[in-house]
Each structure stands twice: as C-alpha cells, then as structure tokens.
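Chemist: Following this message is one structure expressed as structure tokens.
The values are calculated or read from the model by the stated rules, or taken from the named source; none is laboratory data. Here the structure is a predicted model, which is why all the values come from computation and not from measurement. Cβ sites come from the backbone with ideal geometry, for glycine too, and all protein chains shown count toward neighbours.
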Amino acid sequence: MKSLGFIEVSGVVAAVDALDVMCKASGVEFVTWERKLGGRMVTVIVTGSVSDVTEAIACAKRSAKAPIMASNVIPNPHDETIRLVKLSASRLLKTADKA
C-alpha cells in the first residue's frame, strides 16, 4: 500500500456516495469500511498513491451528502497500520462470503 485514505461520515448512504466520488475522482481502490453505531458512523478506507488519495479525499469532502466527521491521508503507512487495515478487510470478506 502506497498510502491510505480515511473518511468518516454519518450514515451508510453518505459513505457509499463518498466511496463512489473517491473512486471516480482518482486512481484509488476501496480497501474496507467500518460501520459503528448501527451504521450511523461509517469509515471508508481507500488506497493508492499519495496524490490520488489526497485528491479523492478532497473531492469526497467537497461533494459530501452528510457531515464529514473526520478524514486523513497516511502516506507510507507503518506495517502495523497496514496489518490493522488488512484485518478489517478480512472481516469484510468473511461477511461477504457468508452472504
């Protein structure tokens, strides 16, 4: 992973919209998402080059359908950070496999 981008929004619909905007805006790839409080707080995680991730986050913030609670870009993430994100992604894949 070259860099990680995080955006936290209120609601699943706003999160899916933010992901759509980010993927269309630049060359980022969806990694995973985390839903908390019954889906009222959703963090979407993408990966790509630092410039692509930065542009994707900026575009999502400009076109947000709900308040952006937090956002961040981590260039060259530490191995432990990558491990944590991969753990989240593996839980998402397990859930998808059950469906």
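Chemist: Can you name the number of the only condition in (1) more than 17 Å from S88 (Cα to Cα); (2) crowded, with 17+ Cβ neighbours inside 10 Å; (3) not small (G, A, S) that L19 fails?
Modeler: For L19, the exception is condition (1).
Chemist: Additional query: Of the conditions (1) surrounded by 12 or more Cβ atoms within 10 Å (Cβ to Cβ); (2) farther than 14 Å from S3 by Cβ, S90 clears all except one; give me its number.
Modeler: It fails just one condition, (1).
Chemist: Among K86, K61, K2, which is the only one that is basic (K, R) and either touching a His at 6+ places or on another chain (Cβ under 9 Å) or touching a residue at least 60 places away in the same chain (Cβ under 8 Å) (or both)?
Modeler: That would be K2, the only listed residue that is basic (K, R) and either touching a His at 6+ places or on another chain (Cβ under 9 Å) or touching a residue at least 60 places away in the same chain (Cβ under 8 Å) (or both).
Chemist: Looking at segment 64-73, is at least one residue of a type in the set (D, E, K, R) and part of a helix (DSSP H, G or I)?
Modeler: No, segment 64-73 contains no residue that is of a type in the set (D, E, K, R) and part of a helix (DSSP H, G or I).
Chemist: Could you list, ordered by first residue, the pairs with Cβ atoms under 8 Å in which the first is in segment 7-19 and in contact (Cβ under 8 Å) with a residue 60 or more places away in the chain and the second is part of a helix (DSSP H, G or I) and not hydrophobic (A, V, I, L, M, F, W, C), at least 6 apart or interchain?
Modeler: Listed pairs, sorted by first residue: I7/K61.
Chemist: Can I ask one more? Among the residues of segment 35-44, how many are within 13 Å of V13 (Cβ to Cβ) and in a helix (DSSP H, G or I)?
Modeler: Total meeting the criteria: 1.
Chemist: Name the single residue that is farthest from the chain's Cα centre (by Cα) among those in segment 22-67 being of a type in the set (S, T, N, Q) and surrounded by 18 or more Cβ atoms within 10 Å (Cβ to Cβ).
Modeler: Per the criteria, the residue is S26.
Chemist: Here's something else I'd like to know. Looking at T47, T32, can you tell me which residue is modelled with pLDDT under 95 and either within 16 Å of S88 (Cα to Cα) or not in a strand (DSSP E or B) (or both)?
Modeler: T32
Chemist: Oh, and also: Only one of V85, V21, V9 is part of a strand (DSSP E or B) and either at pLDDT 90 or above or in contact with a Pro (Cβ under 8 Å, 6 or more places away or on another chain) (or both). Can you tell me which?
Modeler: When all the criteria are applied, what remains is V9.
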